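Q: Just passing along the structure, written as structure tokens.
Read-outs throughout are calculated quantities, based only on the coordinates presented, and are distinct from any laboratory measurement. The structure presented is a predicted model; accordingly, all values stated were derived computationally and were not measured. Cβ atoms come from the backbone with ideal geometry, glycine included; neighbour counts cover every protein chain shown.
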Amino acid sequence: MTSIGITLPPLKRGQLIARPNRFLAQVDVEGKELLAHVADPGRLKELLFPGAKVYVSAAANPNRKTAFDLKLVDGPEGLVSVDSGVPNRLAKLALESGFWPPFTGYDSVKAEPRYKHSRFDFLLQGKNKPDCYIEVKGCTLVEDGVALFPDAPTSRGTRQLRELTELVGQGARAAVIFIIQRQDAVLFRPHTKMDPDFSHALYEAQAAGVEVFAYRCVVTKTAILLDIPVEAEAKGNYIS
């Protein structure tokens, strides 16, 4: 299998007027103002600013308050997916199909396993293999070719990393996978300036045996495909 991805619904091109809150965008499409749901609650300040070129699709529920969903943004180096549901959908396809070599050989892929205070994205189980807990994070911020996560502080993400570290200490396998929803990244790093706690937790998790992966995407107006892995540096510049 050479590629794997998801097909996008028909899109309309527009221009962002404003983002009144994290989940709402006002978009001008052919001179008409539309309300679109923003699935990504991140700040996205470098992408979602007045005048930004965006792509929306009609909502599955025509009676919803926001009749459209914001799907893509024209970034400086190409299209960027701003749908926070995409990373998990891509990961599920990759895990179930054996697309990612590090995660082959398991018998089952279960969604949303719980451990203590956290719910992770996937649990892989197989005969004579330790359980493998996986957390998937979507990444949209890229600066000078470096993908950075998070773009806003995430106490939940920090807690998940610490509990993945605990699981490894108990004999399980654990991994965090960053899905970069654009194609212009050549490296991944934690965003230390934005969230030093998350960055420290990621470094400590990797040092304890939690595996860290990053994969970028090819984003077009019709599909989003998983692309090549990029180097993931869990060690931030806060550590000498």
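Q: Sorting check: for 158-168, 88-98, 55-65, which peptide has the highest mean count of neighbouring beta carbons within 10 Å, and how do the rest follow?
A: On the way: 158-168: 20.9, 88-98: 17.5, 55-65: 13.5.
Highest mean packing first, the order is 158-168, 88-98, 55-65.
Q: Then there is this: Highest first, please rank the peptides 184-195, 127-138, 109-120 by the mean number of other Cβ atoms sitting within 10 Å of their residues.
A: Working: 184-195: 19.7, 127-138: 17.7, 109-120: 13.9.
The packing order, highest mean first, is 184-195, 127-138, 109-120.
Q: Just one of (1) 1.13; (2) 1.03; (3) 1.41 is Cα Rg over 2.2 N^0.38 Å as worked out from the coordinates here. Which one is it?
A: Read-out taken from this structure: (2).
Q: Let me ask you something else. Provide, for the stretch 86-232, the number of lysine pairs with alpha carbons under 26 Å apart, each pair being eight or more places apart or on different chains.
A: Value for the stretch 86-232: 15.
Q: Now, a different point. Starting from the alpha-carbon convex hull of the stretch 5-81, give the projected area averaged over all orientations, in nm². Intermediate values should be presented prior to the final figure.
A: On the way: hull surface 21.2 nm².
Taking a quarter of the hull surface, the average projection is 5.3 nm².
Q: Give me the percent relative contact order of the stretch 86-232, please, defined on Cα pairs under 8 angstrom at least 6 residues apart.
A: Values: 286 pairs, mean separation 29.6, N = 147.
Relative contact order here is 20 percent.
Q: For labels at Glu143 and Lys193 in the simple 7 Å Cα→Cβ model, what's the distance in nm?
A: Distance between label points: 0.3 nm.
Q: Straight-line reach from Lys32: which lysines have a Cα under 20 Å away, not including same-chain ones fewer than 8 places off?
A: Partners within reach: Lys12, Lys53, Lys65, Lys71.
Q: How do Ile4, Ile180 line up, fewest other C-beta atoms within 10 Å first?
A: Numbers: Ile4 15, Ile180 28.
The most exposed by this proxy come first: Ile4, Ile180.
Q: Which order results if Val86, Val230 are arranged by neighbouring Cβ count within 10 Å, fewest first? Please list the in-between numbers first.
A: On the way: Val86 22, Val230 19.
Sorted ascending by nearby Cβ count, the order is Val230, Val86.
Q: Only counting other Cβ atoms within 10 Å, I'd like Val27, Val176 sorted with the fewest neighbours first.
A: On the way: Val27 23, Val176 26.
With the sparsest Cβ surroundings first, the list reads Val27, Val176.
Q: Only bridges with both residues in the stretch 86-232 count here: give the DSSP antiparallel percent, nearest 5. Numbers along the way, then the final one.
A: Values: 16 of 36 bridges.
Rounded to the nearest five, the antiparallel share is 45 percent.
Q: What FRET efficiency do you get for Ser3 and Glu204 if R0 is 41 Å and r is their Cβ-Cβ distance, rounded to the nearest 0.05?
A: Details: r = 35 Å, r/R0 = 0.84.
Efficiency at R0 = 41 Å is approximately 0.75.
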